[in-house]
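In what follows, a structure is listed as structure tokens, so that the remarks can point back to it.
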Amino acid sequence: MYMTGTFSPTFGLNFSSSSFICSSVGGFAAVSELLAVMDNLNYSAPGNTTGTPTLIGGLFYFQSQAQGQIVSTTNTFQKCNTTMEGTVFYLYKGQNLIDSYSFFGSNAGVKGQIYCDSCTASFDFSTFNYIVAYKASLVYLKGSSDGLSVAFNNCSIINGYSVGDGGAVAAEGSGIGLVAFKDCGMISYFTAGGNGGFF
């Protein structure tokens with residue numbers, strides 16, 4: 001889904017019990033499949049010309065002038081890969097995501113399942129499993145301005161791989177923000193090829 005920022009629209013998006021399966025590749029049952037996706041994510045490495053990631057916002061992208069809220073409940077986001085930034089969601093300031101009981105699995109992107117540029121987002125009882133990225137397999141935070149806030153409450157977050165820095169989370173920018181993990185009983189098995197196995 002793509003929403004232009006022309007005329008500064010306001011939006012409200014609610015969806016539940018839906019399944020978004022982006023491709024046949026990404027189950028990572030075979031090691032060769034996982035390695036092929038990771039090689040594609042490593043497109044910026046010197047001498048690598050085989051990677052061809054697409055643009056931003058793999059499933060949902062709202063331009064920065066659009067303002068509104070997304071409410072997602074019991075959805076499945078699976079096998080979305082080779083996206084530049086935000087495999088599932090790309091969000092800006094003034095855009096709020098509320099997700100509960102959804103499953104994010106076997107997704108891969110250059111920067112995070114969720115790319116948050118000064119956005120607000122909360123995940124309650126959501127599950128993230130087998131997530132891969134060039135940087136930040138879970139969420140990539142960009143603080144262009146103050147107000148960034150991402151919270152994970154009672155979530156299961158397992159099996160995250162980053163080719164570069166930040167096995168799960170990476171951040172940049174000068175704005176003031178917050179990322180919080182509360183009562184997430186299962187956070188395990190994260191690896192980064194660069195710095196910060198988890199953050």
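The values are calculated or read from the model by the stated rules, or taken from the named source; none is laboratory data. Quantities reported herein were computed from a predicted structural model and do not represent experimental measurements. All Cβ positions, glycine included, derive from the backbone under ideal geometry; neighbour counts span all protein chains shown.
Among the residues of the range 114-169, what is the count of those that are more than 23 Å from residue 72 (Cβ to Cβ) and not aromatic (Phe, Trp, Tyr)?
Let us first name the residues in the range 114-169 that are more than 23 Å from residue 72 (Cβ to Cβ), namely 134-135, 143-146, 161-167.
This time we only want the ones that are not aromatic (Phe, Trp, Tyr), so: 135, 143-146, 162-167.
Matching residues across the range 114-169 total 11.
For the range 155-174, the tally of residues that are assigned to a loop (DSSP other than H, G, I, E, B) and crowded, with 16+ Cβ neighbours inside 10 Å stands at 7.
Does the range 81-96 hold any residues that are touching a Ser or Thr at 6+ places or on another chain (Cβ under 7 Å) and more than 18 Å from residue 23 (Cβ to Cβ), and which are they?
Going through the range 81-96, the residues touching a Ser or Thr at 6+ places or on another chain (Cβ under 7 Å) turn out to be 81-84, 92-93, 96.
Answer for the range 81-96, where residues must be touching a Ser or Thr at 6+ places or on another chain (Cβ under 7 Å) and more than 18 Å from residue 23 (Cβ to Cβ): 92, 93, 96.
Scanning the range 122-144 for residues that are of a type in the set (Phe, Trp, Tyr), under 21 Å from residue 69 (Cβ atoms) and surrounded by 24 or more Cβ atoms within 10 Å (Cβ to Cβ) gives 123, 140. The set of residues from the range 4-37 being among the aromatic types (Phe, Trp, Tyr) and modelled with pLDDT of 70 or more comprises 7, 11, 15, 20.
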